Amino acid sequence: MPSRGIPYPGVEGKTIAYIETNREQEFVYIHIRFTDETAVHISLTADVVIYHAALVDETTGNQKVVCDYVVPDRLR
């Protein structure tokens, strides 16, 4: 069975009064307000990071690494 995502205990069965979204600088904010005057606040950010960067030689049809510039931890 596929995952439905991350459970948030305490919100099951609540009725949503409204949902607001807002964007400020690098963040997106989601505010879910329930009819019992409780709310869930979610802050999102998308960080883009170079995972791996390398100079490769493709002359033989294989990708032979000539020089690694950024190496992921799992390859060190």
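Summary of computed values
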{"quantity": "Residues being assigned to a strand (DSSP E or B) and either under 17 Å from residue 8 (Cα atoms) or at pLDDT 95 or above (or both) - total across the stretch 31-47", "calculated": "10"}
{"quantity": "Any chance residue 4 is among the basic types (Lys, Arg), loosely packed, with under 10 Cβ neighbours inside 10 Å and assigned to a loop (DSSP other than H, G, I, E, B)", "calculated": "yes"}
{"quantity": "Some residue of the stretch 9-16 being in contact (Cβ under 8 Å) with a residue 24 or more places away in the chain and of a type in the set (Lys, Arg)", "calculated": "yes"}
{"quantity": "Residue satisfying condition, being surrounded by fewer than 10 Cβ atoms within 10 Å (Cβ to Cβ), touching a strand residue (DSSP E or B) at 6+ places or on another chain (Cβ under 8 Å) and at pLDDT 85 or above, within set 56, 66, 28", "calculated": "66"}
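The values are calculated or read from the model by the stated rules, or taken from the named source; none is laboratory data. On a predicted model such as this, the values are computed, not experimentally measured, just so you know. Glycine also receives a Cβ, built like all others from the backbone with ideal geometry; neighbour counts cover every protein chain displayed.
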